Structures are given as C-alpha cells and as structure tokens.
2 protein chains.
Amino acid sequence: MKFHYADRVAGMQSSAIREILKITQQPDVISFAGGMPAPDTFPVAELREAVNYILTEHGAEALQYGVSEGYAPLRAWIAERMQGKGMDCKPENIFISAGSQQVLDFTGKIFLNPGDKVMVESPVYLAAVQAFRAYQAEFVAVPADNQGMDTTALAEKVAAANPKLIYINPTFENPRGTTLPAERRAKVAQIAAAYQVPVIEDDPYGELRFEGPPLPPLKSFPGGEWVIHMSSFSKIISPGLRVGWAVADTDIIRKLTMAKQASDVHTNSLAQQAIHRYLSTNDLAAHIRRITDIYRVHRDTMLAEMETHFPAACKWRKPAGGMFIWVALPPGADATALLSKAVAEKVAFVPGAPFYAAERAAENTLRLNFSNSSPDQIRIGIRRLGMLLRQELG
Amino acid sequence: MKFHYADRVAGMQSSAIREILKITQQPDVISFAGGMPAPDTFPVAELREAVNYILTEHGAEALQYGVSEGYAPLRAWIAERMQGKGMDCKPENIFISAGSQQVLDFTGKIFLNPGDKVMVESPVYLAAVQAFRAYQAEFVAVPADNQGMDTTALAEKVAAANPKLIYINPTFENPRGTTLPAERRAKVAQIAAAYQVPVIEDDPYGELRFEGPPLPPLKSFPGGEWVIHMSSFSKIISPGLRVGWAVADTDIIRKLTMAKQASDVHTNSLAQQAIHRYLSTNDLAAHIRRITDIYRVHRDTMLAEMETHFPAACKWRKPAGGMFIWVALPPGADATALLSKAVAEKVAFVPGAPFYAAERAAENTLRLNFSNSSPDQIRIGIRRLGMLLRQELG
C-alpha cells in the first residue's frame with residue numbers, strides 16, 4: 001500500500017535533532033542535547049492553585065470552545081507586557097498560539113509560496129527551517145559573528161534575493177547564544193521597512209538574561225511595524241502547556257487567526273486561563289529571577305568545567321543568557337562522528353551540522369544545553385566529554 | 001503598509017459561521033446557531049480531581065515538553081477503544097492532535113497539492129472545507145440523501161475526478177444529522193481501496209447516539225486500511241482542552257507526526273495526562289449516557305415544538321444522535337435573509353448556504369443546534385422562530 005502525498009512532504013522531515021534526542025535518551029546518559037527547561041523551575045504548586053481556581057470558579061468557560069485570537073484577558077496582559085518592552089501594541093495586536101512554533105508554522109502558511117526565499121542566520125534554529133520548509137521555502141544564509149547576524153551582509157542579500165521573510169533570533173540565539181546589539185537591531189528594522197519584507201523576531205529566551213541590561217526588541221525600533229515579534233511561556237512558566245504569542249500588525253493578526261481557525265480552532269482554554277490567573281496572582285519577575293539564578297549557576301559550572309577539561313583548541317563564547325553554549329572543535333573535527341562515541345561514554349550533545357540550513361555545515365561544531373542538567377550532572381558530563389575530546393582530538 | 005501574502009491566503013477565509021456567530025451572540029438572543037456542547041455536560045469536578053492528581057504526582061512531566069505523537073498511555077487507551085469499535089489498530093496507529101480540526105489541517109498538508117480534488121458530501125461540514133482550502137484544494141460535491149452520501153454517485157465521481165481524498169462525516173453528520181447505513185459504509189471503504197484514495201472518516205458525534213444500535217466505522221470494513229478515522233474528546237469530555245486523534249496506517253501517522261513537529265510540537269501535556277487520568281478513574285460509558293440523556297430531551301423538545309409551531313411547508317428529519325436538525329424551508333425562501341429578522345426577534349440559527357462547498361447552495365435551508373440550549377430556551381426560541389416563519393412564509 002502506497003500513499004500519494006503532497007509535493008511539500010518531500011521537504012518535510014523529521015527533525016534531525018528529535019532523531020538525535022532519541023539516541024541520547026538512554027539511561028545513565030547525561031544529555032546536553034535537548035533544549036528543555038529544568039523541571040525544578042516549573043511553578044507546579046502555583047499552577048495547581050491557578051488551575052483549581054479556574055476550574056472551581058470558571059469551569060464551564062475553561063472547558064468550552066474559545067475564540068481563535070486567544071483569551072481576551074491574556075491578550076491584554078501580554079499587550080501590556082510587550083508595551084513595557086517598548087513595542088507599540090494593543091490587545092488586538094496580540095495573537096495567542098499553541099506555543100511559538102505554531103506562529104512559525106502559520107507565518108509560513110500565510111506568507112510563503114513555493115520557492116519564496118527566507119533569510120536566516122547561519123547557523124539557524126532548526127525548527128524554524130522545518131516550519132518554513134513545509135511551505136517549500138528556499139533559504140538564504142546570512143553570515144553571523146559573535147554579535148549575531150551581520151546586518152551589512154543582510155542588507156546586500158535582501159537587495160539581491162528579494163526575500164519574502166527575514167527570520168532572526170536576536171537574543172541568546174539558538175544555537176550559538178549570541179545577542180544582536182542595539183545598532184544592528186535598528187538596522188534590521190530599517191532594512192525590513194526599506195525593502196518591505198516582514199521580519200520574524202523569535203524571542204523565546206529574551207527573559208533568561210543572566211547579566212547586563214536588556215536590549216530593546218527589534219519591533220520597538222523605527223520600521224518595527226514590519227516586525228512580527230513572537231515569544232512564549234515555555235521557557236518562563238511551562239512548555240507542556242503550549243501557550244505562545246505573536247505581536248504584529250492587525251492585518252497579520254487577522255490572517256494568523258484565520259490560519260488558526262482552520263488548524264486547531266483555538267489554544268487550550270484551561271491553559272490560557274490558568275496562565276492568566278497565575279500571572280495575576282504571582283510575581284513573575286521574582287519567578288524569572290529564580291530561573292535565571294539557577295541557569296546562571298548551570299552556565300558558570302559548565303564554562304568552568306569546559307575551561308579545565310576541554311582541549312585548548314576548542315573555542316566557545318560565554319552567552320549572557322539563554323540555554324546554550326556553542327562549541328567549535330578544531331577544523332577537521334567531525335562532531336557527528338563524535339556523538340556516538342560520546343553516547344558510549346554516557347554523555348550527549350547535538351552536532352552543529354543540522355543547524356546549517358542553506359550553506360555547507362561546519363562539521364566541527366556542537367551545541368551544549370545547560371538548562372536541563374544539574375550542576376553535578378554538568379560537572380560529570382563535561383569531564384566525560386572533555387576526556388573524549390582530549391582522546392579524539394589529540 | 002501592504003503585506004504580500006502567499007497565494008493560498010486568497011482561498012482562506014474567516015469561517016462564515018464564526019462571523020454569523022458574532023452577530024448571534026447578542027444578549028437575550030436564544031441561539032441555535034453554534035455547535036457547542038452544553039456546559040452542564042462537562043465533568044468539571046472529575047477533571048479538577050484528575051488535574052490535581054497529575055500536578056501533584058507528575059507535575060514535572062505534565063509541564064514539560066512531550067512527544068509529537070502524543071502521550072503514550074493515552075495512545076494506548078485510544079487504540080483499545082478503537083479496537084472495541086472494530087478497527088484493526090495498535091498504539092502506533094494513533095496520532096494525538098490538538099482537537100480533530102488539527103487532523104483535517106495536517107491531512108490537507110500532507111496530501112494536497114494545489115488543484116487536487118477532494119470529494120465531499122453536499123452540504124458538508126464547513127471547517128473541513130476551510131482546512132483543505134488553505135492547501136488550494138478543489139472540491140467535488142457528492143449528492144446525499146436521507147441516508148447520507150450517495151455511494152453510487154461517489155463511485156462514478158471518484159472514477160471521473162481522480163480525487164486525492166474523500167471526506168465523509170458518516171454518523172449524525174454535520175450539518176444534516178444523517179447516518180450512513182452499513183452497506184454504504186462497506187461501499188465507501190471498497191471504493192477507497194479500489195481507487196487507492198484515502199478516506200477521512202470524521203466522527204466527532206458518533207458517541208452521541210440517542211437510540212438504535214451503533215454502526216461499525218468505515219475503518220472496520222474491508223479496505224479500511226485506506227481510511228483515516230478521526231475523533232476527539234470535544235463532544236464527550238470538553239472541547240476547551242483541545243485533544244483529538246486520528247487512527248491510520250503507521251506511514252500516515254509518521255507524516256502527521258512530522259507535520260505536528262513543525263506546527264505545534266505536541267499537544268498540551270497536562271490536558272493529555274489529565275484526560276487519561278479521568279478516563280482511568282471514571283466510567284466514561286456512564287458519562288456519555290448522561291450526555292445523551294440530556295441531548296435526547298433537547299432534541300425531542302425541539303422536534304415537538306417545531307411540529308407545533310413551524311409552518312407545514314417546512315421539512316426536517318429526526319436525527320438519531322448528534323447535535324443538529326437540518327430544516328428545509330419551502331423552495332424560494334431565503335434563510336440568510338431571514339436570519340437578521342430572527343435575531344431581531346431574539347432567536348438565531350445558521351443558514352444552510354455556507355455549508356455548500358462545491359455547488360449551488362440551497363438557500364432555503366438552515367441548521368438548528370439543540371445541544372447548547374436548555375429545554376426551556378428551546379421552547380421559547382422555537383416558538384419565536386415559528387412565529388417568524390409563519391409571518392414570512394405566509
């Protein structure tokens with residue numbers, strides 16, 4: 001029996017990372033491969049209280065169909081928070097999604113014809129590429145340095161390629177952990193407006209800042225009306241509840257809402273209402289400080305162990321927030337080949353190669369996640385990995 | 001500022017019914033327009049207990065990322081229940097979605113190229129058309145009678161049109177409330193296999209049977225390997241939790257899973273686990289009997305009032321389950337024009353016209369929902385509507 005699928009299925013693929021994660025999920029393996037929050041950062045008791053309150057006081061509403069745009073009080077809460085970050089927005093500029101990946105899917109759906117070009121950093125967050133590939137997009141890689149996307153190169157490539165979208169992960173970028181400085185943010189918004197190309201500003205990690213002052217979002221700069229800002233509660237409350245959002249022009253919000261009606265009707269009502277209750281009765285800033293205090297220790301532990309145990313030829317930089325450290329092994333090293341040896345030594349990472357969407361992969365790179373392992377696991381895991389690297393890289 | 005959207009956006013449209021629902025949601029209007037369950041059928045206390053148990057005993061897991069295929073114990077529960085209905089399936093044949101609309105979206109995504117044809121009943125469930133239109137499908141209407149889709153016409157039209165999918169809502173069909181008899185079910189499965197065309201068997205209402213023995217699903221007949229059966233917990237537990245499923249060949253399940261990875265990663269973990277807990281600790285059969293006992297009274301009340309108050313020239317049939325009664329006004333009557341007059345009289349319905357996807361609409365038809373109004377509201381509302389119909393139709 002052979003099914004005849006749509007042409008777009010050829011471009012869809014099971015996430016390389018998800019396949020790698022399966023390999024790394026063996027017992028006793030200390031895994032730096034995923035991108036999950038630490039479960040001890042979940043406000044379990046507070047969410048239980050919020051869910052109880054909602055089901056006791058508003059049970060019928062929380063279990064009934066809701067509107068596709070999202071739960072109005074939560075849209076209002078998000079609009080106010082986004083205003084606080086400098087974005088010019090009202091509740092009607094907010095679209096609530098089942099996690100921010102869904103905004104990537106729907107943005108692809110409403111903007112991309114087959115063959116349309118999307119500008120991406122190189123390397124780039126893989127699941128964004130996966131979302132857009134399902135609409136048969138093509139990708140144009142923009143080089144990135146220690147400060148994220150090279151905006152001079154971006155301007156040239158936008159002029160040459162006539163892209164439909166620009167995708168950028170400006171703060172504690174996945175996979176490299178870089179943060180785009182304010183001047184470059186201004187430049188991206190200016191390029192978007194000049195060439196009339198919407199920019200997707202994907203900001204899942206922006207709240208996870210360990211030091212330094214926060215930077216204004218791309219959407220707060222002149223030209224920001226061309227920016228679709230997106231974020232979620234996944235990294236600051238819980239990913240399992242699947243609640244994210246977009247901030248955009250109302251015309252784009254209407255199109256996203258139509259896509260949502262046709263796809264999953266609306267986001268889980270109970271989750272939206274419970275999160276709104278949680279936000280109304282808890283100190284989110286204090287909760288985020290608790291998370292960043294935990295992750296800062298994880299990062300510092302990992303960096304200190306890497307300094308001690310990794311061969312001198314390995315290079316990395318210290319991210320000021322987020323969840324990841326990006327490592328360059330010496331030229332010629334093959335991180336993908338190293339992975340199976342690492343798993344045999346009971347430690348795992350993600351090779352960097354799958355993060356290259358549109359140009360030759362740097363096979364000597366790998367990504368380490370520090371959010372989801374304890375300091376003790378980090379110490380043991382990095383020692384194991386360091387020993388392997390010294391053996392293999394000589 | 002003008003955004004350049006994808007070509008497919010032209011075919012996407014805000015659901016006509018959702019727009020109508022906005023008009024009908026005025027205070028004091030008794031609305032038979034929507035398709036919502038009665039909120040007093042939601043097992044609020046039992047779900048609160050289930051959610052509490054999950055957050056107390058498995059909080060970290062319920063708030064963490066989950067797998068795209070769905071929560072394994074819930075897949076196993078669904079597989080067993082689907083086996084009980086005669087389907088040959090294992091847990092790996094089950095895909096869990098954020099409500100069954102999402103299966104329509106993903107099925108369209110993995111099967112439909114622009115211009116591909118989908119066979120539909122006429123009239124047809126509007127949101128299915130909306131899901132497939134986003135992939136630029138074309139529709140071929142298959143006539144239906146009092147027993148649902150005419151399978152002789154289906155065979156001829158499949159042979160002529162070379163469609164990519166057949167969409168059918170065989171039990172207590174939305175909008176007309178018809179149920180396809182066993183012989184026609186066998187015939188549809190046979191046509192699917194003979195022409196190698198997947199059939200989407202959309203079954204949201206099958207459990208809401210008020211009388212008579214249940215019929216075997218299309219997927220249980222020879223040729224059933226070509227059937228994608230889909231259903232959800234929306235009508236039997238809660239629509240707000242957004243949990244549905246598909247039963248299909250494992251190759252299709254893999255493709256649906258890839259679509260899910262790229263779209264919303266996975267369905268809300270807490271909702272899946274709480275529903276599984278609810279199912280493990282409650283008597284679902286008794287709960288469904290409670291719902292059907294309530295809805296049977298609603299239906300019988302509505303039918304009795306229609307008999308008394310509607311003009312003799314109006315025609316309808318008694319559905320054996322589900323949520324809807326389909327009414328044909330005399331030829332020449334315009335149900336869309338009647339709606340604004342009805343709303344002025346504080347009663348609402350959905351005109352039948354939007355349910356015609358691929359042929360001239362029968363403007364004299366309308367759909368009445370009986371699930372979401374109390375018997376008292378039904379009595380008052382049908383009297384109002386009857387008075388209007390007698391005035392307008394003479």
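Has segment A:16-32 got at least one residue that is in contact (Cβ under 8 Å) with a residue 24 or more places away in the chain, over 30 Å from residue A:384 (Cβ atoms) and crowded, with 18+ Cβ neighbours inside 10 Å? Checking segment A:16-32: not a single residue is in contact (Cβ under 8 Å) with a residue 24 or more places away in the chain, over 30 Å from residue A:384 (Cβ atoms) and crowded, with 18+ Cβ neighbours inside 10 Å. Scanning segment B:121-132 for residues that are facing chain A (nearest Cβ under 8 Å) and of a type outside the set (Gly, Ala, Ser) yields a single hit, B:130. Hey, could you check segment B:246-263 for residues that are more than 8 Å from chain A (Cβ to nearest Cβ) and not basic (Lys, Arg) and say which is surrounded by the most Cβ atoms within 10 Å (Cβ to Cβ)? Ranking the candidates gives B:247 first. For segment A:35-73, the set of residues classified as touching a Leu at 6+ places or on another chain (Cβ under 6 Å) and either buried (at least 20 other Cβ atoms within 10 Å of the Cβ) or closer than 30 Å to residue A:352 by Cβ (or both) consists of A:42, A:62, listed by residue number. The set of residues in segment B:52-78 being in contact (Cβ under 8 Å) with a residue 60 or more places away in the chain, more than 10 Å from every other protein chain (Cβ to nearest Cβ) and of a type in the set (A, V, I, L, M, F, W, C) consists of B:74, B:77, B:78.
For residue B:382, are the conditions met, namely being out of contact with any strand residue (DSSP E or B) (no Cβ under 7 Å at 6 or more places or on another chain) and of a type in the set (Val, Ile, Thr)? Reasoning before the result, please.
On the way: out of contact with any strand residue (DSSP E or B) (no Cβ under 7 Å at 6 or more places or on another chain): yes; of a type in the set (Val, Ile, Thr): yes.
Yes, satisfied.
Report yes if residue A:372 is closer than 26 Å to residue A:12 by Cα, out of contact with any Cys (no Cβ under 8 Å at 6 or more places or on another chain) and either surrounded by 15 or more Cβ atoms within 10 Å (Cβ to Cβ) or modelled with pLDDT of 95 or more (or both), otherwise no. The answer is no for residue A:372.
Just to check your reading of the model, which residue among A:266, A:287 is surrounded by 22 or more Cβ atoms within 10 Å (Cβ to Cβ), closer than 30 Å to residue B:48 by Cα and not basic (Lys, Arg)? Only one candidate qualifies: A:266.
Go through A:126, A:154, A:208, A:180 for me and flag whichever is modelled with pLDDT of 95 or more, aliphatic (A, V, I, L, M) and within 23 Å of residue B:265 (Cβ to Cβ). Steps first, answer last, please.
On the way: A:126 fails: modelled with pLDDT of 95 or more; A:154 fails: within 23 Å of residue B:265 (Cβ to Cβ); A:180 fails: within 23 Å of residue B:265 (Cβ to Cβ).
On inspection, the qualifying residue turns out to be A:208.
The residue that is farthest from residue B:265 (Cα to Cα), counting only those in segment B:111-120 that are surrounded by 22 or more Cβ atoms within 10 Å (Cβ to Cβ) and within 8 Å of another protein chain (Cβ to nearest Cβ), is B:112. Restricted to strands (runs of 3 or more DSSP E) entirely inside segment A:148-267, those with at least 1 residues that are farther than 17 Å from residue A:122 by Cβ are A:199-202, A:227-232, A:244-247. When A:366, A:303, A:339 are screened for being assigned to a strand (DSSP E or B), closer than 25 Å to residue A:29 by Cα and within 25 Å of the chain's Cα centre (by Cα), only A:366 passes. Only a single criterion out of (1) more than 14 Å from every other protein chain (Cβ to nearest Cβ); (2) closer than 27 Å to residue A:36 by Cβ; (3) touching a Gly at 6+ places or on another chain (Cβ under 9 Å); (4) of a type outside the set (Phe, Trp, Tyr) is not satisfied by residue A:144, namely (3). I'd like the residue in segment B:186-232 that is surrounded by 18 or more Cβ atoms within 10 Å (Cβ to Cβ) and polar (S, T, N, Q) and, out of all such residues, is farthest from the chain's Cα centre (by Cα). Across segment B:186-232, the extreme among qualifying residues is B:220. Of all residue pairs spaced 6 or more apart or on separate chains, those with beta-carbon atoms under 6 Å, a first member in segment A:252-271 that is more than 21 Å from residue A:60 (Cα to Cα) and a second member that is of a type outside the set (Gly, Ala, Ser) and assigned to a loop (DSSP other than H, G, I, E, B) are A:257/A:69; A:258/B:12.
Checking the stated criteria, residue A:99 turns out to be touching a residue at least 24 places away in the same chain (Cβ under 8 Å), within 9 Å of chain B (Cβ to nearest Cβ), within 18 Å of the chain's Cα centre (by Cα) and buried (at least 23 other Cβ atoms within 10 Å of the Cβ).
Select the helices (runs of 4 or more DSSP H) contained entirely in segment A:1-119, then report the ones holding at least 2 residues which are modelled with pLDDT of 95 or more. Quick ask: steps written out before the conclusion?
Working: elements: A:16-24, A:44-57, A:59-62, A:72-84, A:100-111.
Hits in segment A:1-119: A:44-57, A:59-62, A:72-84, A:100-111.
When segment A:364-380 is filtered for residues that are touching a Pro at 6+ places or on another chain (Cβ under 9 Å) and of a type in the set (Gly, Ala, Ser), only A:371 remains. Just name the residue that is nearest to the chain's Cα centre (by Cα) out of those in segment B:375-389 that are surrounded by 21 or more Cβ atoms within 10 Å (Cβ to Cβ) and within 26 Å of residue B:39 (Cβ to Cβ). The residue in question is B:378. Across segment B:385-394, the number of residues qualifying as in a helix (DSSP H, G or I) and over 16 Å from residue B:325 (Cβ atoms) comes to 6. Restricting attention to segment B:318-327 and to residues that are within 16 Å of residue B:32 (Cβ to Cβ) and among the aliphatic types (A, V, I, L, M), the residue that is farthest from the chain's Cα centre (by Cα) turns out to be B:327. Inside segment B:198-224, residues that are of a type outside the set (Gly, Ala, Ser), without any contact (Cβ under 8 Å) to a residue 60 or more places away in the chain and within 14 Å of another protein chain (Cβ to nearest Cβ) make up a count of 2. Apart from one condition, residue A:333 fits all of (1) among the aliphatic types (A, V, I, L, M); (2) buried (at least 18 other Cβ atoms within 10 Å of the Cβ); (3) more than 14 Å from every other protein chain (Cβ to nearest Cβ); (4) closer than 18 Å to residue A:369 by Cβ; the exception is (4).
The numbered conditions (1) in contact with a helix residue (DSSP H, G or I) (Cβ under 8 Å, 6 or more places away or on another chain); (2) surrounded by 17 or more Cβ atoms within 10 Å (Cβ to Cβ); (3) more than 22 Å from residue A:240 (Cβ to Cβ) are all true for residue A:311 except (2).
The values are calculated or read from the model by the stated rules, or taken from the named source; none is laboratory data. What you see is a predicted model, and the numbers here were worked out from it, not measured in a lab. Because the Cβ atoms are built from the backbone with ideal geometry, glycine has one as well, and the counts that use them run over all protein chains shown.
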